[in-house]
Amino acid sequence: MAAAAVSEAWPELELAERERRRELLLTGPGLEERVRAAGGRLPPRLFTLPLLHYLEVSGCGSLRAPGPGLAQGLPQLHSLVLRRNALGPGLSPGLGPLPALRVLDLSGNALEALPPGQGLGPAEPPGFPQLQSLNLSGNRLRELPADLARCAPRLQSLNLTGNCLDAFPDALFQPGALPLLSELAAADNCLRELSPNIAHLASLKTLDLSNNQLSEIPAELADCPKLKEVNFQGNKLRDKRLEKMVSGCQTRSILEYLRVGGRGCRGRAKADGTDREDCRKKRRERKQRRESGEGEEKVADAARLLLRVLHVSENPAPLTVRVSPEVRDVRPYIVGAVVRGMDLQPGNALKRFLAFQTKLHEDLCEKRTAATIATHDLHAVRGPLLYAARPPQDLKIVPLGRREAKAKDLVRQLQLEAEEQRKQKKRQSVSGLHRYLHLLDGKESYPCLVDADGDVISFPPITNSEKTKIKKTTCDLFLEVTSASSLQICKDAMDALVLKMAEMNKYTLENKEEGCLSDTEASAISGQLSDPKANPSAGKDGQGPLVVEQVRVVDLEGSLKVVYPSKADLTAAPSHVTVLR
């Protein structure tokens, strides 16, 4: 009787064990109650699935600790995602050792401290020798373990955003401590100083310390050989000129300013014993460069990185999405936006754009379980749009790269393909759209976005329509993000996508990639004559500021549900992107 009760309470575990699954996602409305019944921890039976490579338990307010047996029972675990739960104030017992773990996401919990001795678990480091990504954002951490670097020596990405940290441990920046760390994010904390030893992070490419309490930036930061992007906005720096620079200048300008010692050659001049005459000479050289026109070029370059928001009231033909009431029980949240002025023609721009969308789906969107992004060629979209839910046998779509099919038949075909993949690869994992079929389990109706012609252009979380597929020649896009869990995750994903588009245009402009399509090739792909007026926001060189047009989401009576971007959106723009509202 007891065994039967356990199986009934956790049918996912029984299924994973029977099918020898390598990925497991625990979610759903009954999860809270089941975890509460297990004492706020994961069920012990979960730790008897040694084949698991990916485990995610997210959005469970009753999960307070992972539970004993995690390390011993899941030795092959590659990714552990425990975001938006109630873990805290500490992790007891610890998580490690997990020798195969590469991704650990504990964001959005209530952690106040990490266990001593190796940082996250056992006393003998390293307990996470393969860990590459650690996300601790959105917790209440006041300090980091001194041996965090020894705990995860191969760490590449560390996200500490939104905690209560006032300092980094000295050991974090010691020579050779984290030789592979390329991304360090600690925005929205209480950091008071940054150690000059940060120069020992030889692989650091991105540093975000915005909205802290820093008063100085060490000149040694300029010695980081691979540093490409910094964000110090929201700090009250003593050097007011530097404070202005971090709000409007590019990273290379900031690093150059630090490299020569800043105003008055403070900092490095003292540290390196630089002669005052050398300092004056460098200042004269900078002045001459500005007078020769270099300053104007930088200003012009910055002007091309503007992100302008066009309000509905300013738009003569704004796009609107109407929402039918039946989606409330299926996938209730949707956010839309129109972006004009994107340049996808040079080199691998389109490929990079699609790759970033895939990365967002994997990380922020939690493998599409939290949200799903869809991008459309705006010129193929006819509004107003209708966001509705239809039975599988009534929903028809022309999926990307496929023929028109009913949703019922498409899902069945994908299921057959998934089974064939498993047989060929002789393992349980699948790829492509097949990875998301489980998100439709138990749904009597499927969500869809329908245009004014009555065509389904989006079937989240599975696929878009071939009708609105973006191409290299696409410069104006309609973006949509849908979710079954929250409106905020839709906005977060949309923010990340739009800001990345601005960065991509910046990269394209700076690098002048080869491999651009000729007018003839562009016309052949798009099926229409090239028209320079098709992109009104482009400049003389075809590159201009992105324009983000607000899209209103309303109910069938016309009452506003959400508008994006609002004043509260796009607030985390990097230093080289200026949002004009």
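A few points about this structure:
- Residue in the range 355-367 that is of a type in the set (Gly, Ala, Ser), assigned by TED's automatic domain parsing to the domain that holds Pro332 and within 18 Å of Ala502 (Cβ to Cβ) present: yes
- Boolean, Gly544 is assigned by TED's automatic domain parsing to the domain that holds His376, under 22 Å from Thr320 (Cβ atoms), modelled with pLDDT under 90 and assigned to a loop (DSSP other than H, G, I, E, B): no
- Residues satisfying the criterion are absent from the range 133-142 (criterion: more than 26 Å from Leu25 (Cβ to Cβ), surrounded by fewer than 22 Cβ atoms within 10 Å (Cβ to Cβ) and at pLDDT below 85).
- When Lys561 is tested against (1) over 29 Å from Asn231 (Cα atoms); (2) outside any loop (DSSP other than H, G, I, E, B); (3) at pLDDT below 85, only condition (3) is not met.
- Unique residue being modelled with pLDDT of 85 or more, in the same structural domain as Leu191 (by TED's automatic domain parsing), over 30 Å from Gln233 (Cα atoms) and over 21 Å from the mean Cα position of the chain (by Cα) when the list is Pro115, Pro129, Pro97, Pro153: Pro129
- Identity of the residue in the range 26-62, modelled with pLDDT of 85 or more and among the acidic types (Asp, Glu), that ends up surrounded by the fewest Cβ atoms within 10 Å (Cβ to Cβ): Glu33
- The condition (being hydroxyl-bearing (Ser, Thr, Tyr) and modelled with pLDDT of 85 or more) is satisfied by just one residue among Ser313, Ser292: Ser313.
- Every pair of residues 6+ apart whose Cβ atoms lie under 6 Å, when the first sits in the range 81-92 and is assigned by TED's automatic domain parsing to the domain that holds Ser58 while the second is of a type outside the set (Ser, Thr, Tyr) and not in a loop (DSSP other than H, G, I, E, B): Val81/Glu56; Val81/Asp105; Leu82/Val57; Arg83/Asp105
- Top-ranked residue in the range 546-571 [being of a type in the set (D, E, K, R) and in contact with a Leu (Cβ under 7 Å, 6 or more places away or on another chain); ranked as farthest from Met342 (Cα to Cα)]: Arg552
- Matching residues in the range 199-253 - criterion: being surrounded by fewer than 18 Cβ atoms within 10 Å (Cβ to Cβ), more than 26 Å from the chain's Cα centre (by Cα) and assigned to a loop (DSSP other than H, G, I, E, B): Ser215, Glu216, Lys236, Leu237, Arg238
- The strands (runs of 3 or more DSSP E) falling completely within the range 324-433 that include 1 or more residues that are more than 24 Å from the chain's Cα centre (by Cα) map to 385-390.
- Boolean, Asp531 is at pLDDT below 90, acidic (Asp, Glu) and farther than 26 Å from Glu549 by Cα: no
The values are calculated or read from the model by the stated rules, or taken from the named source; none is laboratory data. Remember, it's a predicted structure, so these values are computed and weren't measured experimentally. Neighbour counts run over all protein chains shown; Cβ positions are idealised from the backbone, glycine included.
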